[in-house]
Structure formats: C-alpha cells, structure tokens
Amino acid sequence: MKVFKFLLSFIITIALTVALSIRIGSIPPLGNFLDPFHGFWQNALNEDDSILQTVTLEGLQAPVTIKYDSLMIPHIFAEHEEDLYMVQGYVTAANRLWQMEFVTHVAAGRVSEIVGERALSFDRLQRRKGLGTGAEEALKAWEQDSVTRRVINAYARGVNAYIQTLDYASLPVEYKLLDYTPEPWTPLKSVLLLKYLSNDLTYGDVDLENTNTLQLLGQERFDFLFPTYLPDYDPVIPKGTPWNFKPIAIDSPQVGFINQALLPGESPLRSNPDNGSNNWAVAGSKTRSGKPILANDPHLGLNLPSIWYLVQLHGPGVNVFGATVPGAPNVIIGFNDSIAWGMTNARRDVTDWYKIDFANSENTEYRFDKINLKTQKRVEEIRVRDEEVFYDTVVYTHHGPVVYDEHFPADTVNNNHRGFALKWVAHETSMEGLTFYKLNRAKNYKDYQQALKHYVCPAQNFAFASAHGDIAMWVQGKFPVKWNGQGKFMLDGSRADHEWQAYIPFDQNVHVVNPGRGYVSSANQVPVDSAYPYYVYDDTYEHYRNRRINNRLSQMRNITPKDMMSLQNDNYNLKASEILPLMLDSLDLAQFNESQQKAYERLRKWNYQNNAGQLSPVFFNLWWEKFMALLWDEFDQGEVRLRRPDSEVTVHVMRQFPNDPFIDNQKTTAVESLTDLIRESFAQAIHESDDWEESHEEELNWGNFKATHVDHLLKLNSFSRANIQTGGGSGIVNATKSDHGPSWRMIVEMGSPVKAWGVYPGGQSGNPGSPFYDNMIERWSEGQYFDMWLLQSESDKPEKMMSTQRLFPSN
C-alpha cells in the first residue's frame, strides 16, 4: 500500500512539474527517468530495502558484521578501528547518500551547481561567511592528529566504496529528479558538515537591530526592554554556584559601540532562533532504580530524510550507540556501557560584526589603530548550472571576511552594508571530531571532561550521566573574554580596543558536577547567574521551557524512564499560565459577540495544556500574536530595522509596569491603555479564528491550526508528511511547532545493563519509497518510544535483529 501511495503521489508531482513547467532544479531526461527498469520506479519498488547478505569491500582488513534491528538500525561489529569507520561510512551512504552530499553543497555554497542561478545569492552568502575556509583550516588540524586523520579517511573510503557500486538504476531518486550524479566523498566534506552545525546554531546576531534600537531609545530604555536577567530567571548552572578562580582581566573602552546611526537595509541573515533543545540528568538519589537517568531532545528543523541516523559502533575499545550526523564519523549524541551524554545549544554571542573603514575604493587597505592594514582577497568560483561561472571576490580583514559590501547583496541601497566584517568562532581551527571520538569511548567523568577540551563550536550544554553515579553539565565552547556589552552592538573595526582580547580558559567555562539538588538541566536559557565573573550575553535566551523542566524535576521522586518520557512530551504552557489570567480579567464581557463569549469561556476553563485536540491554545496563540503587534508597534518601522522585545519581557512589563509609555499604540491618535490593547487584540484574534474555520475543511483545534509537517529537503509534497497531529509549541517542553521541534528524543538509564529508548520524526532510510523512510513519525507524534539496543556481541539479542550483513576484504 505504501508503494502504491508513493507511486501515485509521485507521478502526480512529476506530471504537474512537466505540465506546468515548474522547475525542480532541472527537469531530468524523462526517457531515463521513467524507464521502468532503471528510473524512479526502482526507488519506489524497493520496499524491503533489501540488504545484500555479503559484500566485498576493497580496503577492509578483516570481515565486518552488521546486524540490522527491526528499525533498520545497523549494529556494526569490526575487529579493526579503521574497518569500523569505513563501514560506518559505507552503511550511512547506502541509506543517506543524497542527503549527506546535498547538505555539503549547501554548506559550501555550491547549490547553484545543482539548481542553477536561483541559488546564486544563497551560495554567495555561504562563501562570504567564511565557513568553507574555516573547514579547510580545521581539516589541516584533523589531518595532523593521528586519530582524527585515521578515522575521517576511513569514513571517506567507506562512502566512496558505496558510491562506486552505483549505476543509474540504483541512484537515490533525488539524483534522478535533479539530473546529476554524486561526486567522490572527501574528508573535507565531513569537517564541513560539522562546521555547518555552527551555521545552524550560532551564525548571525541582532547587532544591527540593537544598534538602531539603541540610537532610538537610549541606553536606559534599551536595557529596560532587553535585560540579560529577568527576576524569575533560572540559569543552567544553579544560582549561587561559587567560582573559585582568578578571571582574565581585559581593558574596556570608554565607548562601546560605533557612534553613528545605521542606514536602513536588510539585517544579516541569522540562524533559526528556535534551534535549541532540552537535556537533563537526574541522580540515582531521585530515581526508583537508584541509577542516573539522562534525557535529551535536540530541537531542529523537521526534515526528511531525517537529520539524524542511528547506529551502534562496536570495535577495539569502543561500544557505543546513538545518533550520528549523516556524513560524519562517530556518534554525536548517545551512550555506551559506562556513560551517556546529550547536548543542547549553549547560546552565547560568538559572532560579532565590525564596520570596516576602507582606506581606498579598491578595498585593498583598511584603517586600524591609526595605521592602514592590507586586506586579502579570495576569489570564489561559483559554478552555475547551464550558466557561465560566477566569480565573487571576498575581502578578508584580520577580523574576518567582509560579508556585506557594495557588491553584495544585490539590492544594497546606497552602499548601506559597505564593509561589514564577520568575526566568528566557527572560523577558528577546531577538533570537534576528537571530542566525539573520545566521548564514544569515555568510561567516567574524567574521560568526559578530557573529551570536551577539544570542542570549540557550536557551543553546547553537555549533559552527562555515568554508571558510577555521577551527573554533570558543562557549557562548552570557545568563548571570547568580552567587556560588558561588547558585541551587543556593531563594533568599530578601526579600533584596537574593540578586538577580542582573550578566550576563557577551559576550566573556567561554566560547569557543575553532582549538584545538591540531584539533577542538572538545560533548555537554552541564560547559562549562569551574575556572580560569574565573565560577561555573558545572547539575544535569544529561553525563559519558559527551562523553568517548567526544573520545577518538575525538583518535585519528582522515585523517577522512572517513563516519567522522563512524559516530561519530554509535556505540553504545559507556562507563559499562558503566567499572563492569561491578567488578560482575561481585562476584558469587557458585556461587549462580547457570540464567538468571543465562547472563546472566553473556553479560555477560563483551560488547563494550559497545548494538546493537539484542544481549541484554547489556538485562541491564546492568536491573541498573543495580535497583542504583541499592537503593543510593540513602535518597533515595526519599515525604514529602519529594530529589535522588538521578546515575550518574556512583555509579560514582565504587563505585570510590573502596566503604565509604561510603550503601552500606547502609536498608529492611532488616541492614547491607549494596557486594557485597551488587550481588548482590541482579543477581538482581532477571535475574528481571525472565525475566518480560519470558514476557510478550512478541518476542525479548528491546536493540532490542525499548528499543522506540524515534516518536509523533504526539496519541499516535494509526495516525499513529505503533512498535518501531523501533535501538541506542544513555542516555549513548551514539547517544543513542536509547525516545521520545527524535537528531532531526536533519547532516554538512557545507567543501570547494568544500560537501558535506552528513543524516537525521531522520520526513519533510517533516505528512500521515500521505503517503509523505513518515515516509520517512526507516528510514535514520535504520539509521544511513544522504541527500545534502543546496545548489543554486547554479534550473537546478542537475535530475536531483536531483522537481518545480518557480512562485509569481506577484497583479497
């Protein structure tokens, strides 16, 4: 049945593409594409994902065994380390080749090679950000280290061994659809993939918007509306944690930002502020089993093929299970017999923008510290499908690449962005691959600590639990030592005192081990209280998920893995619980129409659960959206980009400063009160909900309104899953939004043996015609899990295994 539905929907997609001349990259030669023996039919009919029982691989030193369980997760057993990683590369490519190669094209700014000129602006930005040059420098370090060199080259050999087996019939369907073929895999591609995580999690800031907003408001009002700490904040590391070290001292300038108004224009593109995660570990003193339990669910874009690929690696000195990034060796989030670890984005300002004062029109020199320094220029050769090669000259300063200048973007007005250089920790040489290699083999807290020393970017909150009973949290990355406010606003690239002067030493990074409260947790909130001696800042610190998690963990006793699953799927809307009573009390019931009366009654009875079948979350979400637009209308000035206050600040202002001057709607002549805005926004929200019901066939409830969907990377409907019924939302522990949310849920109990459960919104196969392409989505949406098996040997748990594959050396 799945094959029939796939064929039907896919044929419709192709028919419409051809009939309407909709270009998906380039229309492939239809003769080959529709050939029943070699074309897309071969992908659709491969329902069993038939695995060859024996494979010969050139370069293997000894036979390797792969056990596939009922989810098609490979459990790889190898006698030699290089064989282990070679086969990891081979089996990952066998299931995810198109995905892993396409993402490297995205990261490297090479999408134009596939889809043509429409991706040129995107590719130029990717090149100008300097991610590729950062990966090239990192690769040099990886190649100099004997461990990472051995691992990354073995992995590449495995990928290429699989590529060499392909003919047109066996190509992943996306290659046929876009009419191109895979190229040889290189170690640089694997490094680039890990560097691209920095792009997703740390790139961009609101430096430009902050600078404009500061000019408009002044320092006092800016600090009021954009505080680092709110009264009820709950940091990653418990408040009051002592810091027994001597911090690095740096000089602070008298003026901390460029003293000029910025012209209107487009702000630098940034990573998705929703990219975050939850993780926590509870000590045995709080669990029923007496053993620590660790939980992790990274929140990322919901895509097919899935972001993660699960694998077990069993070889010399290692037996580890977990989630991998397709295209990179080792397990990224997972567990072994001794430890488990999970990661959340440790939000910190590690990207700063510098205004460059060029000394001439050719941009060959720029002013710095009263002298002129020479720039370096790198000519980026961008191949464009069916077009001539495009050459883009990127100017480099000692700060970093000049991303925005008079040549880019194309719609720059009056050279508004001439000379915006990016300084970014992701440009630094790094060895994240060595971190994961060591984590995979770690036996205790000391091993975990030593592994983290190599980790640079993107900064992460590394939660830890061990079979010895330890729990810990390290906020790990390479963090510049900054003076107060440095990088919050645009910096002056001509001033030496605006430079990064030092980096925080590893042992002074924020961390805690075995805290007295019996748990550690993080959910992208502010990492530490104001007693920490270094300046800490980011513009997107989370304020609700973390407090809900900590509140629940503080109350829980005799915790079981099932309790942790329930907490990961918790739909409680803390923000609504804190502000909705005030909003409801402000309404004038005598003025209600029938729809408003019904909405009001539902909201009064609401239990603050954002469950899929409930209607109240729809009303609250619309109401809050309309209210924010009315309240902060001053920040919606099209001629100048400004930063609008966040929800948590809005709640704080409403509760503590209800007569603040910003309450007035500047778009009307009357002077509005907070009550006026609450009533007007309520009327707008209910009117919009009525319109939604009239224009949709589905019942109006939170699941249908939110319409969670998991799209194929090419946004092809026939390869995607639409309108998945699930609860959650922004600021909720179950952070599932329309196209973003928990990309992998994992629970690990550190007993003997270790027990683990997991699920993600997709499947192991990248083939849309496979039953393993999206087979976990239903359980994921329902908050259910699968058992995850860490086999001790090839013969372990035969009843849980689906098939066996043996790989042999070629001689």
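The values are calculated or read from the model by the stated rules, or taken from the named source; none is laboratory data. Since the model is a prediction, treat every value here as computed from it, not as a measurement. Neighbour counts are summed over all protein chains in view; Cβ atoms, including those assigned to glycine, are modelled from backbone coordinates with ideal geometry. The accessibility values were calculated without ligands, DNA or RNA, using every heavy atom of the protein model including side chains. Shrake-Rupley method; radii C 1.70, N 1.55, O 1.52, S 1.80 Å.
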Ignoring everything except DSSP H segments at least 4 long, calculate the 222 nm mean residue ellipticity for the chain; use -39,500 (n - 2.57) per segment, divide by total residues, nearest 500. -10000 deg cm²/dmol
Extension reserve of the residue 483-residue 507 stretch, reckoned as 0.36 nm per residue once the Cα distance is removed: 6.7 nm
For the chain, what is the accessible area per residue in Å² when the probe is 1.4 Å? 38 Å²
Show me the ranking of peptides 426-434, 721-729 by mean Cβ neighbours inside 10 Å, starting with the highest. 426-434, 721-729
Using a 1.4 angstrom probe on the protein heavy atoms only, could you order 781, 361 from most to least accessible area? 361, 781
Given axes a ≥ b ≥ c from the Cα gyration tensor, I'd like to know whether segment 574-695 is rounded (a/c under 1.5), prolate (a/b larger than b/c) or oblate. prolate
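Run the dipole for the chain about the Cα centre, Lys and Arg Cβ at +1, Asp and Glu Cβ at -1, nothing else charged, and hand back the magnitude in debye, nearest 20.
Computed charge dipole of the chain: roughly 2240 debye.
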Residue 345 long-range amide H proximity, modeled H, under 5 Å: 277, 461
Amide H contacts under 5 Å for residue 726, restricted to residues at least 5 apart in sequence or on another chain and with H modeled in the peptide plane, are 708
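Once you charge only the Cβ atoms, +1 for Lys and Arg and -1 for Asp and Glu, what is the size of the charge dipole of segment 574-695 about its Cα centre, to the nearest 20 debye?
It comes to approximately 440 debye.
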With Kirkwood's inverse mean 1/r over C-alpha pairs for Rh, give me the Rg to Rh ratio of the chain, two decimals please. 0.96
For residue 525, residues with placed amide H under 5 Å, excluding near neighbours: 542
Once you keep just the Cα pairs under 8 angstrom separated by 6 or more residues, what percentage relative contact order results for the chain? 20 percent
Dividing the mean separation of Cα pairs under 8 Å (6+ apart) by the residue count of segment 574-695 yields a relative contact order in percent of 33 percent
Sorted by accessible area with a 1.4 angstrom probe, largest first, how do 745, 367 fall? 367, 745
When you count, for each residue, the other Cβ atoms within 10 Å and take the mean per peptide, how do 304-317, 59-72 rank with the highest first? 304-317, 59-72
Proximal aspartates and glutamates relative to residue 286, as straight alpha-carbon distance under 20 Å, when same-chain residues fewer than 8 apart are discounted: 470, 563, 570, 749
Determine ³J(HN,Hα), in whole Hz, for all residues of segment 424-439 in sequence, where each value follows from phi through the Karplus function 6.51 cos²θ - 1.76 cosθ + 1.60 and θ = phi - 60°; x replaces Gly and Pro. 8, 4, 4, 6, 6, 4, 8, 9, 4, x, 6, 4, 6, 4, 6, 4
Work out from phi, with θ = phi - 60° and the Karplus expression 6.51 cos²θ - 1.76 cosθ + 1.60, the ³J(HN,Hα) of each residue of segment 497-511, listed in order in whole Hz, and give x for Gly and Pro. 6, 9, 6, 6, 9, 6, 10, 5, x, 3, 6, 9, 5, 5, 6
Could you give the length gained by full extension between residue 379 and residue 169, i.e. 0.36 nm per residue of separation minus their alpha carbon distance, to one decimal place? 71.8 nm
State, as an integer percentage, the relative contact order of segment 117-253 based on alpha-carbon contacts under 8 Å between residues 6 or more apart. 26 percent
Of the accessible area of the chain, with the probe set at 1.4 angstrom, what percent is carbon plus sulfur? 48 percent
Could you tell me how far the Cα centroid of segment 198-220 sits from the Cα centroid of segment 685-742, in Å? 30 Å
With θ set to phi - 60° and the Karplus curve 6.51 cos²θ - 1.76 cosθ + 1.60, what are the ³J(HN,Hα) couplings of segment 150-166 in order, to the nearest whole Hz, using x for Gly and Pro? 5, 5, 6, 6, 5, 4, 4, 4, x, 4, 5, 4, 5, 4, 5, 7, 7
